[in-house]
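Take a look at the structure set out below.
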Amino acid sequence: MENHILAHPSVHDANVVAKPDAYLGERICAYVILRPGAEPLKALAVRRFVQRRGLAAYKIPDRVEFVDAFPQTGVGKVSKKDLRAAAAGHAPPAPDA
């Protein structure tokens, strides 16, 4: 799914995590970094873009958050754990670069 989001010309990087949901068990949350100088995007534009690319309806992100940077682990990798915590509302969003 991340590759579909990355295909958008305004997107520099993307990470997708599960967000807990009382009804469905989990929902999809996409964190997106825009390219420098790119036109601002809205979450709906990202969702429609991946839908037009043929992504199955259940794989389309329920929530899209735009961030400046992703949280990192001690060795410099993207911390999916921190992204999942932020999506669940237990941590602040990814820090600014």
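Of all DSSP-defined beta bridges confined to the chain, some 75% are antiparallel rather than parallel. Neighbours of Arg63, meaning other residues whose beta-carbon lies under 13 angstrom from its beta-carbon, give a summed charge of +1 when Lys and Arg score +1 and Asp and Glu score -1.
Placing a label point 7 Å from the Cα of Asp68 along the Cα-to-Cβ line, the residues of the range 2-36 whose backbone N sits under 17 Å from it are 12-13, 32-36. Placing +1 on the Cβ of every Lys and Arg and -1 on the Cβ of every Asp and Glu, with no other charges, gives the chain a dipole of roughly 340 debye about its Cα centre.
Legend: P(r) of the range 2-69 from all alpha carbon pair distances, 10 Å bins from 0, whole percents, reading 21, 55, 21, 3.
Mean separation of Cα pairs under 8 Å and 6 or more residues apart, divided by the residue count, gives the chain a relative contact order of 26 percent.
A Förster distance of 22 Å, applied to the separation of the beta-carbon atoms of Gln51 and Ala85, puts the FRET efficiency at 0.20. With K and R counted +1 and D and E -1, the other residues having a Cβ less than 13 Å from that of Lys80 yield a net charge of +2. For Lys59 and Asp13, a Förster radius of 22 Å and the Cβ-Cβ distance give a FRET efficiency of 0.70, rounded to the nearest 0.05. For trypsin sites (Lys or Arg not before Pro), the sites in the chain that DSSP calls loop and that have at most 15 other Cβ atoms within 10 Å are Lys42, Arg53, Lys77.
Every number in this text was worked out from the coordinates using simple rules, so none of it is lab data. Computed from a predicted model, the values in this text were never measured in an experiment. Virtual Cβ from ideal backbone geometry, glycine too; neighbours counted across all protein chains shown.
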